[in-house]
Amino acid sequence: MIRFDNVSKRYASGHEALTRVDFEVERGEMVFLTGHSGAGKSTLMKLIMLMERPTQGQVFVDGRNLNRLSSGQIPYYRRNVGVVFQNHQLLFDRSVFDNVALPLQIAGNTPAETGRRVRAALDKVGLLDKEQQNPIVLSGGEQQRVGIARAVVNKPSVLLADEPTGNLDPELSAEIMNLFRQFNEVGVTIMIASHDLELLKRMNKRVLGLSHGQVAHDGVLW
Ligand code: ADP
């Protein structure tokens, strides 16, 4: 589903954030990405969401070589890749419903279809009763769940999350991880960056460990 083939990324500053990275994530897998600050985790995810391009090597997602996607194809490609950020990047000048609806409106869905899909996504994260609220009044865990609803509203086959529990206490982190697990159980391929070693051990899933831009570990942690 996700394949990195000899991928290096050097930023314009000259810094090499990733060096000859090779790995493959199967369809329906749930993997964690870990490593010290600056190890290259965000860069790796940005290559998958096409926010950055590799300077060497190739990234394949769902059988497609991302180097070969034209700029016109990128919006369609991105609909298939949901993204959850640590600070969730919600808009506080509109309702929960409107935050989740945004990707669908951009994609040109009808209001009826948008309403149906937004409510289905809010239902999955347990926030159906909060659709008219402004996200600013929600707790940190609820805000993160709105972020997850927005990431899955297009029914992506790949879900990426960059430190999604970075600001949450252990109990809320566990709740958020359970949500990711539920999406994984219905077939979504999931990659989550986290430096929380206790959480990684509890989850008992494959962990790709980056160190200075290279894969230094690949397997379950204990
Ligand atoms: P992590 O997510 O593991 O903390 P990053 O992928 O954010 O690591 O960063 C990897 C390295 O690349 C760091 O040394 C960082 O300073 C550098 N870096 C990240 N983004 C940029 C950028 N846009 N321009 C230049 N250097 C960058």
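Computed from Cα atoms, the angle from the helix 111-124 axis to the main principal axis of the chain rounds to 70 degrees. Highest average first, the peptides 129-138, 107-116 ordered by how many other beta carbon atoms sit within 10 Å of their residues are 129-138, 107-116.
Rounded to the nearest 10 degrees, the inclination of helix 96-106 to the longest alpha-carbon principal axis of the chain is 60 degrees. Heavy-atom accessible surface of region 92-155, averaged per residue, reaches 47 Å², computed with a 1.4 Å probe. Among G57, A174, T189, pick out the residue whose Cα is farthest towards the positive end of the charge dipole of the chain, where Lys and Arg carry +1 and Asp and Glu carry -1 on C-beta, about the Cα centre. Most positive-ward Cα: G57.
Determine the order of E52, E185, E163 by accessible area, beginning with the largest, at a probe radius of 1.4 Å.
Values: E52 50, E185 140, E163 25 Å².
Descending order: E185, E52, E163.
Taking every alpha-carbon pair under 8 Å whose residues sit at least 6 apart, region 110-222 reaches a relative contact order of 19 percent. Under a 5 Å amide H cut-off, with hydrogens placed 1.01 Å from N, V207 pairs with F32, G219, V220, L221 among residues at least 5 apart or on other chains.
The translational diffusion coefficient of region 1-53, from Stokes-Einstein at 37 °C and 0.692 mPa s with a Kirkwood hydrodynamic radius over alpha carbon pairs, comes to 277 µm²/s. For Y76 and V186, FRET efficiency with R0 = 22 Å and r from the beta-carbon atoms, rounded to 0.05? FRET efficiency, V186 to Y76: 0.50. With K and R counted +1 and D and E -1, the other residues having a Cβ less than 13 Å from that of L91 yield a net charge of 0.
Per residue, how much accessible area does region 1-85 show when a 1.4 Å probe rolls over the protein heavy atoms, in square angstrom? Please list the in-between numbers first.
Working: 3970 Å² over 85 residues.
Accessible area per residue, region 1-85: 47 Å².
Global dimensions of region 63-222 from alpha-carbon coordinates: Rg and Dmax equal 16.5, 48 Å.
About the Cα centre, and with charges only on the beta carbon of Lys, Arg (+1) and Asp, Glu (-1), how big is the dipole of region 83-195? Nearest 20 debye, please.
Details: 10 positive and 13 negative charges, 83 e Å.
So the dipole magnitude of region 83-195 works out to roughly 400 debye.
Here each label is just a point 7 Å from Cα along the line to Cβ, and for E171 and H36 those points are 3.5 nm apart. Among the protein heavy atoms of the chain, carbon and sulfur supply 48% of the accessible surface, probe 1.4 Å, non-protein parts ignored.
The values are calculated or read from the model by the stated rules, or taken from the named source; none is laboratory data. The shown structure was predicted, so the numbers you read here are calculated from the model rather than taken from an experiment. Glycine gets a Cβ as well: all are built from the backbone with ideal geometry, and neighbour counts include every protein chain shown. Accessible surface is based on the protein model in full, side chains and every heavy atom, while ligands, DNA and RNA are left aside. Shrake-Rupley method; radii C 1.70, N 1.55, O 1.52, S 1.80 Å.
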